[in-house]
Amino acid sequence: MKFITALKTALGMAPGCEQVNEFLAEYVEGTLDEKMRAQFQEHMDMCKCCDHYLDQYRHTIQLTKETDEISVPSELAEHTLAFLRKSNAFASDQDAASS
Amino acid sequence: MEPTQNTNPASPDAPSDRGDLVTTTAEGAKGPISLEALMAGDEKAFEQLVIQESPRLFRVIVRIVGDDDEAASILQETFLQAFQRINTFRRESKLTTWLYAIGINLARASLRKSRRLSSLEDQEVERMQPDFNRGMFVETPAVWDPARVTELADRRQLVRRGIEQLPEDYKTVLVLRDIEEYSTEEVANMLGISSGAVRVRLHRARGALRKLLDPHMRRLPKD
């Protein structure tokens, strides 16, 4: 990290790695307010640690999104409806059964 | 022709207003599921709801309990409870949020009962977050190899196993936010926790998963 950024962080004038990390999800989602985002960006541009961590964090989110597809049984909804009918959940089924 | 089911909330056809639902019929024509009809106990409307929401809710439940048969059974119980309790829906959230809350609660109860618990404890998730000294990183995080991230043959299995290891509270938030892409507010409503708690759990879950993936994704030293 460049000296000036480190100095500003030490003096509490700019966020440090821990604070940046605490709000990383908001930073990634772009929900930080403009001033905070600019401060974080300045820190990221100068800090190799945060830059590497951000890269890992983004890849983790991407890999999570691409994880194994869950295959859904083709008869899933039909079996659920059959279960509901068998459980007498539907009044008309009860009527039909009793008539 | 099989019915096409609209289960993606990000799609333009996804329900946008609280309680409003849109389904696609076997003929491909879209028709609304009337919330009033559901609330009045209309069985046809409820059948439409089952057809529309089963695939996505099943995927969420499978990711929580880790077992297809158990998930199918929980799905059935979810719809049974929803049908029996539909008049308790207060319209303070989307109907699907209310429905998913029932399913997720049943999935969590099943997980506790079966003792098929995650291998990581909450405290371990805490320890898997980066260490700081005076607000700065103690160690420089490694550089991940982009080729390994995108091409490692078993990366999907690694991620799935990593997610399975997370404590249930963290896993559920990660699945709902990062895989199913529900909003923070929707997840908060489903789980009955604050939006802030969702954000904290999500961040820690990502941090713990990152730690588990780190050894596999690092750039290998050149010979």
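The values are calculated or read from the model by the stated rules, or taken from the named source; none is laboratory data. Everything numeric in this text was worked out from a predicted model, so none of it was measured. Glycine also receives a Cβ, built like all others from the backbone with ideal geometry; neighbour counts cover every protein chain displayed.
Is it the case, given these coordinates, that A:ALA91 is surrounded by fewer than 17 Cβ atoms within 10 Å (Cβ to Cβ), more than 30 Å from B:THR78 (Cβ to Cβ) and either modelled with pLDDT of 95 or more or at the interface with chain B (Cβ under 9 Å from one of its Cβ atoms) (or both)?
So A:ALA91 does not fit the description; no.
If you check B:SER110 against the conditions, is it touching a residue at least 40 places away in the same chain (Cβ under 8 Å), surrounded by fewer than 18 Cβ atoms within 10 Å (Cβ to Cβ) and more than 9 Å from chain A (Cβ to nearest Cβ)?
The answer is no for B:SER110.
Across region A:22-56, which residue is farthest from the other protein chains (Cβ to nearest Cβ) among those that are in a helix (DSSP H, G or I) and among the aliphatic types (A, V, I, L, M)?
To start, the set of residues in region A:22-56 that are in a helix (DSSP H, G or I) comprises A:22, A:24-29, A:34-46, A:48-56.
With the extra rule that they be among the aliphatic types (A, V, I, L, M), the set shrinks to A:24-25, A:28, A:36, A:38, A:44, A:46, A:54.
Details: A:LEU24: 7, A:ALA25: 5, A:VAL28: 9, A:MET36: 15, A:ALA38: 19, A:MET44: 13, A:MET46: 12, A:LEU54: 9 Å.
Ranking the qualifying residues of region A:22-56, first place goes to A:ALA38.
Consider region A:57-73. How many of its residues are over 15 Å from B:ARG56 (Cβ atoms) and more than 7 Å from chain B (Cβ to nearest Cβ)?
Within region A:57-73, residues that are over 15 Å from B:ARG56 (Cβ atoms) and more than 7 Å from chain B (Cβ to nearest Cβ) number 2.
Looking at region B:140-150, can you tell me whether even one residue there is part of a helix (DSSP H, G or I) and closer than 19 Å to B:ILE193 by Cβ?
Scanning region B:140-150 turns up no residue that is part of a helix (DSSP H, G or I) and closer than 19 Å to B:ILE193 by Cβ.
Tell me yes or no: at least one residue of region B:150-163 is under 28 Å from the mean Cα position of the chain (by Cα), more than 30 Å from B:ILE74 (Cα to Cα) and within 10 Å of another protein chain (Cβ to nearest Cβ).
Scanning region B:150-163 turns up at least one residue that is under 28 Å from the mean Cα position of the chain (by Cα), more than 30 Å from B:ILE74 (Cα to Cα) and within 10 Å of another protein chain (Cβ to nearest Cβ).
Which of the residues spanning region B:43-98 are in a loop (DSSP other than H, G, I, E, B) and facing another protein chain (nearest Cβ under 10 Å)?
none
Could you grab the pairs with beta carbons closer than 6 Å, sequence gap of 6+ or different chains, first residue in region A:28-42 and touching a residue at least 24 places away in the same chain (Cβ under 8 Å), second one in a loop (DSSP other than H, G, I, E, B) and not charged (D, E, K, R)?
Within 6 Å, the pairs are A:GLN39/A:ALA14; A:GLN39/A:PRO15.
Among the candidates B:PRO130, B:PRO221, which residue alone is in a loop (DSSP other than H, G, I, E, B) and in contact (Cβ under 8 Å) with a residue 60 or more places away in the chain?
Exactly one residue qualifies, and that residue is B:PRO130.
Which residues, taken from region A:57-83, are part of a helix (DSSP H, G or I), without any contact (Cβ under 8 Å) to a residue 24 or more places away in the chain and of a type in the set (Val, Ile, Thr)?
Across region A:57-83, the qualifying residues are A:THR60, A:THR64, A:THR80.
Scan region B:177-211 residue by residue and report those that are more than 24 Å from B:PRO130 (Cα to Cα), in contact (Cβ under 8 Å) with a residue 24 or more places away in the chain and assigned to a helix (DSSP H, G or I).
B:GLU186, B:ASN189, B:MET190, B:LEU191
For region A:11-21, name all the residues that are within 8 Å of chain B (Cβ to nearest Cβ) and assigned to a helix (DSSP H, G or I).
Those that are within 8 Å of chain B (Cβ to nearest Cβ) and assigned to a helix (DSSP H, G or I): A:CYS17, A:GLU18, A:GLN19, A:ASN21.
Filter region B:91-105 for residues that are basic (Lys, Arg) and at negative phi and give the result.
Selection gives B:LYS94 alone.
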